[in-house]
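Here the structure comes first, spelled out in structure tokens, and everything after it is commentary.
The values are calculated or read from the model by the stated rules, or taken from the named source; none is laboratory data. Bear in mind that the values here come from a model prediction, so they are computed numbers and not experimental data. Here the Cβ positions follow ideal geometry from the backbone for every residue, glycine too, while neighbour counts run over all protein chains shown. To get the accessible areas, we keep the full protein, side chains included, count just its heavy atoms, and leave off ligands, DNA and RNA. Shrake-Rupley method; radii C 1.70, N 1.55, O 1.52, S 1.80 Å.
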Amino acid sequence: QVQLVESGGGLVQAGGSLRLSCTASGIIFSRAVMGWYRQAPGKQRELVATITSGGITNSVASVQDRFTISRDNAKNSVYLQMNGLKPEDTAVYYCNANVFIKYYWGQGTQVTVSS
């Protein structure tokens with residue numbers, strides 16, 4: 001079955017950095033559009049960044065100059081490098097795989113940014 005396993009979350013002070021990782025199994029990773037989403041308490045889940053199978057990236061305006069998404073197809077992994085973290089970045093971050101219009105989700109990893 002499909003599994004997406006995230007890691008790298010934690011507690012960090014404002015201005016700090018974290019690197020999230022997500023390793024996938026059970027899918028043809030090289031063909032998947034991979035993404036990171038987040039959900040803050042009381043809010044809807046929102047897109048953070050995506051990366052296509054060819055490496056084209058897209059991210060929301062609020063993180064564009066701070067977060068970088070990347071992938072390593074040899075390791076079936078996608079990453080989110082987060083710099084300049086702000087308290088408003090506090091959320092559960094989810095890895096997402098879009099493979100032939102089927103969507104799969106990881107269990108999420110908590111990121112907490114203290115002021």
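Only Cα pairs under 8 Å and at least 6 apart count here; give the relative contact order of the chain as a rounded whole percent.
It comes to 36 percent, rounded to a whole number.
Tell me, what ³J(HN,Hα) does each residue in region 49-56 have, in order and in whole Hz, if you take phi through Karplus 6.51 cos²θ - 1.76 cosθ + 1.60 with θ = phi - 60° and put x for Gly and Pro?
7, 9, 9, 7, 4, x, x, 7
Could you tally the net charge around SER30, taking each other residue with its Cβ under 12 Å from the Cβ of SER30, Lys/Arg +1 and Asp/Glu -1? Before the final figure, lay out each step's value.
Working: positive: ARG31, ARG71, LYS75; negative: ASP72.
Around SER30, the charge tally is +2.
So how do 42-49, 13-20 stack up, highest first, on mean other-Cβ count within 10 Å? Before the final figure, lay out each step's value.
Details: 42-49: 13.4, 13-20: 14.9.
The most tightly packed comes first, giving 13-20, 42-49.
Quick check: pseudo-label points 7 Å beyond the Cα along Cα→Cβ at PHE100 and SER30, how many nm apart are they?
Distance between label points: 1.6 nm.
Quick check: the distance between the Cα centres of region 48-115 and region 1-33, to the nearest angstrom?
Taking the Cα centre of each part, region 48-115 and region 1-33 sit 7 Å apart.
At a 1.4 Å probe, what is the % contribution of carbon and sulfur to the accessible area of the chain?
Taking all protein chains in place, the chain shows 49 percent carbon and sulfur surface.
Looking at the chain, send over the antiparallel percent of its DSSP beta bridges, to the nearest 5. Spell out each step's value before the answer.
Working: 39 of 43 bridges.
Approximately 90 percent, going by the DSSP bridge assignments.
Using a probe radius of 1.4 Å on heavy atoms only, what accessible surface per residue do you get for the chain? Whole Å² is fine. Before the final figure, lay out the partial values.
Values: 6120 Å² over 115 residues.
Per-residue accessible area for the chain comes out at 53 Å².
On a straight-distance basis, which aspartates and glutamates could pair with LYS75 in a cross-link, Cα separation under 19 angstrom, same-chain partners fewer than 8 positions away excluded?
Straight-distance partners of LYS75: GLU6.
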